[in-house]
Each structure stands twice: as structure tokens, then as C-alpha cells.
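Visitor: Starting off with a structure, shown below.
What follows draws every value from the coordinates through simple rules; no lab data is involved. Here the structure is a predicted model, which means the values were calculated and not measured. Cβ: placed from backbone, ideal geometry, glycine included. Neighbour counts: every protein chain shown.
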Amino acid sequence: MILGLDVSTSITGASILNLKEEVLYCEAWKLQNKRHFPDLFAKAEEVKKLLTQLNSEHNIEEVYIESPLWISRGKSSAKTILTLARFNGIVGWIVKDVMGITPEFITATQARSAVGVGKRDKSVNIKQHILNFLLDNEPEFSYNITKHGNPVPGTYDRADSLIIAKAGVKCHLEKS
């Protein structure tokens, strides 16, 4: 089984697929509550707890983690990017510690290409493009919307982790 992670300090997406690309798990781990998770270490403890649980319930063979974004294009501050990179590294270490698996890091672009996410119309947000791709190609994927018609928080994270897991399956099969 392949675990794909889309790591973020607010919501981390986690998906598990078997080698037939059947979805066994696809969840968003919400870490933004400052009372419960006041710092990166509290968030890391929660991720460790959740990874330990997944490890006990599934025979995970490989773990793929989306590489953090290095070029901000003005959307994120340097501090935000550095914090994300730190947390990404912490989660990678937790995977190695809890599961005994050295995770592989893959960029979003590499993952999308591996699973066949085509070019998007520039009028469509990339996150919506990914949702549309999954709705068209993954019968197990669905999501709820808010009263304002937007995907509920965590939907994009789940979708991204699913794309990472699907790319992980492709990588695993190519190595075999």
C-alpha cells in the first residue's frame, strides 16, 4: 500500500491506495486550532499519533510526500515557506521513525504529470482543475460544499494527497 501526504501546518491531506489504485483512506487532518496545536511541535505530535494509527491499520510499503513549494510568486512570505519546509521535514522524519520507511518527496508538478492531469484552461484555478480531474477519474472521490458553494476546508488537501498517492503507485510499479 502507498501513503501519499500533502503536508501543511494547517491541514494535512493523507491518502492510502493499494497497488490497484483503490482508495483505502483519504482524509484531511486539521491542525489549525491554536488551542490544541499552539506550535509546530504540537502539530507534529498529532501527525505522529495519526501516522502511528495508520501504520497499525494498513500495511504501508512506501510513503510519498509532496515537496514544499520553493518559489512563492508573491503568494506566501518567506517565513511561511520556511515554516512549511521545516514541518515537511519533521513529518518526513516522523514517517521514518514510526513506519521505518524513508519517504520519497515528489513535487506537485511531477505527481500531476505522472497521473495524467492534463493542461488546464488558465481561467480555471489549479485546485479546481485537480478536483475536476479526480471527479472525472476517481469514482471513490467526492466532497461536500459550504453554504457559499465552495469545497469544505480540507478538500484540496485530500485531493492533493490522493494525486501524490496515485503518483506513488506509478513510481512503485515502475520500480518493480
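Visitor: With respect to the numbered conditions (1) on the phi > 0 side of the Ramachandran plot; (2) free of Cβ contacts under 8 Å to residues at least 12 places away in the same chain, which one is the sole condition not fulfilled by Gly154?
Guide: (2)
Visitor: Do we have any residue at all in the range 14-28 that's more than 21 Å from Ala159 (Cα to Cα) and more than 16 Å from the chain's Cα centre (by Cα)?
Guide: No.
Visitor: Give the residues of the range 75-104 that are over 22 Å from Glu45 (Cβ atoms) and surrounded by 13 or more Cβ atoms within 10 Å (Cβ to Cβ), sorted by residue number.
Guide: Residues satisfying the conditions are Ser76, Ile81, Glu104.
Visitor: Among residues belonging to the range 131-158 that are charged (D, E, K, R) and not in a helix (DSSP H, G or I), point out the one that is nearest to Ala111 (Cα to Cα).
Guide: Applying the filter and picking the extreme gives Glu138.
Visitor: Within the set of pairs 6+ apart or on separate chains, which have a first residue in the range 1-26 that is without any contact (Cβ under 8 Å) to a residue 40 or more places away in the chain, a second that is of a type outside the set (S, T, N, Q) and part of a strand (DSSP E or B), and C-beta atoms under 6 Å apart?
Guide: Matching pairs, first to second residue: Leu24/Ile16; Tyr25/Ile16.
Visitor: Name the residue that is nearest to Ile11 (Cα to Cα), counting only residues in the range 44-56 that are surrounded by 14 or more Cβ atoms within 10 Å (Cβ to Cβ) and of a type in the set (D, E, K, R).
Guide: Among them, the one singled out is Glu46.
Visitor: Being aromatic (Phe, Trp, Tyr) and surrounded by fewer than 19 Cβ atoms within 10 Å (Cβ to Cβ) narrows it down to one of Phe41, Phe37, so name that one.
Guide: Just a single option satisfies the conditions, and that option is Phe41.
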